[in-house]
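Some notes on the structure that comes next.
The values are calculated or read from the model by the stated rules, or taken from the named source; none is laboratory data. These numbers come from a predicted model, not from an experiment. Virtual Cβ from ideal backbone geometry, glycine too; neighbours counted across all protein chains shown. The area values use the complete protein model at the heavy-atom level, side chains included, leaving out ligands, DNA and RNA. Shrake-Rupley method; radii C 1.70, N 1.55, O 1.52, S 1.80 Å.
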Amino acid sequence: MSYCASRFSTVRRPTREVKVGNVGVGGTNPLRLQSMTTSDTQDVAATVKQSIALAEVGCEIVRITAPNVAAAKCLKNIRTQFTAAGFGHVPLVADIHFLPSAAMEAVEHVEKVRVNPGNYADKKKFNVREYTDADYSTELQRLHDAFSPLVIRARQLGRALRIGTNHGSLSDRIMNRYGDTPLGMVESALEFLRIAEANSYKEMILSMKASNPKVMIQAYRLLVQRMAQEDMHYPLHLGVTEAGDGEDGRIKSAIGIGSLLLDGLGDTIRVSLTEDSVYEIPVARAIADKAMSLWAADRPSPSADRLEEGIDSYHFAKRETTTLQFAPGVTVGPEQPPRVVVRAGADLSVTLASLAAGKLKDTPPEIILVAVGPAVQLAQLPDPGESSYALELAPAITPAEFKPFATTLRPGTMLVRDFAGGEGPVLTAFARLAREHQLILAVGLTPEDFSALSSTLRQLGDERLVFSLNVSRTNLAGPAHALGAYRQLAASLRDLGLHAPLWIRNTAASAVHGDNSFLSKLLEASFLTGGLLCDGLGDLLSIETEPDAPRATRLAYNVLQGAGARISKTEFVACPSCGRTLFDLQTTTQRIRAQTGHLKGVKIAIMGCIVNGPGEMADADFGYVGGAPGKINLYVGKNCVQYNIPQADADAKLIALIKEHGKWLDAAPVPA
Ligand code: SF4
């Protein structure tokens, strides 16, 4: 059973409608946007002020942490004052960790309560022990007894619940049986769903968040598949936790949320950023608009849905490819990270100068894409240095016309051409030319043209070929999208036994919907590229929607880093902050980034509190976690190695710790 109706076009997953106050989630409702306040919940005035600010920018559901009973009691006044300010229509959600007593208080005052199955009345001490079946059932009975009162009260009051599972904060019981895996996350949620259903309660929304988009995507897919097996149809709340700030935070969120939405999954979303919460809403709005533009369309003929992709949607594996040498230092192949292609502007020398001035030492443009019309003199191409050229040939150029130039090109230069279904002989001639002169041919095809050319391609084999989607001729009408078309292309290559690398090209024609803003381009690139990379597809990447070559290059590397496909700088995992936060997360994150942003491949987590921080910083190498007001705990992996350091000393101690573990490099910090 698949997790979605189609991987080639967007068919919204049918769910029951859950009412959060007056706001319907799931069913036929639009995608709902939500965010969270960051003030101390017991500061009622500040929390009401933040709730109003969020509602005014379009937040439809506001979440507020309730770390204890005293804070949960404050929700009563917050609800009253928020309503009095004219926002009675905007539901509030209490965020609960650990304390059933706080949940029981909160459910009296707000429209929804979020519980974390990893720590709701369950142990979280990272204990390693074997649970026998008898131990396990005893624990489940204990959980049943602890969770049922909240379920019963929520049913009586007409409240909704969110079962909000987080990677890295699973209970010891689940961790010992399933590990810190998507399967563990799903089993953890299912236990709570079964308890709720045993109490005749169904007003639930589910989430499966992780800071790693790949893990998050797999967990949501698996959840949907397992729920369908149990005839459960609850709506989904989508989000990537600890995504960080700026471009990186937006990219990570868009990869995780976007690729699920394109598969028709998701009913409400939160984009978590380590920035003021109001900045989350425009990003969420832009993501939601893209997805809803696909939902609105009629379902096309499902012919592509019969394709066998050969992809395990629940476990990551990179597609096997052949190896190709571009410039001496630029290899594409199975052991290689995806390579970055950047499109040159009309004046190649201007592009080369801008790339040279762009301070791209750690993120170099590896292949420069140049449009070649009939009038271009190829002999005059400037030396590309350590990069390689990709020459995009105008359709009017014939193989015979191009042949004299082929001898002048450096081996590893890529010829780029789209082929129509009737151009078998032309394709064969260009492929032979490429092989004779140690060049590479990038073949752009629509899925339909691929079928028409399949016998030519079978004869040619995959030597010195790269494949890409001919987006401008692909029919992306209705709910069809470029992610689905690339998946079709990969499935067609598999059918023919071709292992040629796949080039993901982000162009205006591959976009789902939106304006010409940088945010829209960033989201599109994240949807398409991130979605494919998380399925193990993609060996080259270009973001051709961004005309500024250095900016397009950096964006490509940032998307690769967000998808975990290629690490070119320090990875920061930073929580979005909430009412539990013990220091200023934004300035601290910026300060630590300024000092450590050059440590390529090192993962540093900056978490606001010890209640959730250590669990949710996932697989970070080092952790900087709020231990008490003004005090920081430092972690190496999951182990706390220094407690309660005065905050003024914590940066230096963190750097000393990184040095002690041999991960420090003396180099100029990279600008944020
Ligand atoms: S880790 Fe951050 S967002 Fe999570 S509970 Fe602690 S302070 Fe709040």
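The figures follow:
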quantity	calculated
Accessible solvent surface per residue of segment 403-451, calculated while the other protein chains remain in place, 1.4 angstrom probe, Å²	37 Å²
Per residue accessible area in Å² of segment 476-515, where ligands, DNA and RNA are left out and the probe is 1.4 Å	29 Å²
Å² per residue, accessible surface of segment 1-149 at 1.4 Å	40 Å²
Hydrodynamic radius by Kirkwood, which averages 1/r over all alpha carbon pairs of the chain, in angstrom	26.2 Å
In Å, descending, principal axis extents of the Cα set of segment 99-230	37, 31, 26
³J(HN,Hα), Karplus 6.51/-1.76/1.60, whole Hz, each residue of segment 502-507, x for Gly, Pro	10, 10, 8, 10, 8, 10
Potential lengthening between Glu17 and Ala371 on full extension [0.36 nm per residue; Cα-Cα distance subtracted]	122.4 nm
Tyr279-Asp135 FRET efficiency (beta carbon distance; Förster radius 45 Å; 0.05 resolution)	0.45
Ranked packing of 244-251, 25-32, most packed first, by mean Cβ within 10 Å	244-251, 25-32
Distance from segment 505-570 to segment 89-118 (C-alpha centre basis), Å	37 Å
Ranked packing of 524-532, 227-235, 606-614, most packed first, by mean Cβ within 10 Å	524-532, 606-614, 227-235
Candidate lysines - alpha carbon under 20 Å from Lys638, same-chain residues fewer than 8 apart omitted	Lys123, Lys124, Lys125, Lys209, Lys603, Lys653, Lys659, Lys663
Relative contact order (percent, whole number), the chain, Cα cutoff 8 Å, 6+ residue spacing	13 percent
Value of Rg/Rh across segment 23-146 [Cα atoms, Kirkwood radius]	1.08
Solvent-accessible area, 1.4 Å probe, carbon plus sulfur percent, for the chain	53 percent
Sorted peptide list for 188-199, 485-496, criterion being average Cβ within 10 angstrom, highest first	485-496, 188-199
Relative contact order of segment 227-353, pairs being alpha-carbon contacts under 8 Å that are 6 or more residues apart, as %	16 percent
Sparse-neighbourhood loop sites, trypsin sites (Lys or Arg not before Pro) in segment 563-616 - DSSP loop, at most 16 other Cβ within 10 angstrom	Lys600
Whole-Å distance, taken between Cα centres, linking segment 10-66 and segment 352-422	50 Å
Sequence of Trp295, Trp503 when ordered by accessible area, the most exposed leading, probe 1.4 angstrom	Trp295, Trp503
Rounded to whole Å, sorted largest first: equivalent-ellipsoid semi-axes of segment 153-271, Cα gyration tensor	24, 17, 13
Cβ-based net charge around Val636, under 14 Å, with every Lys or Arg adding one and every Asp or Glu removing one	+2
Gain on full stretching of the segment that runs from Asp619 to Gln229 - 0.36 nm per residue minus C-alpha separation	137.3 nm
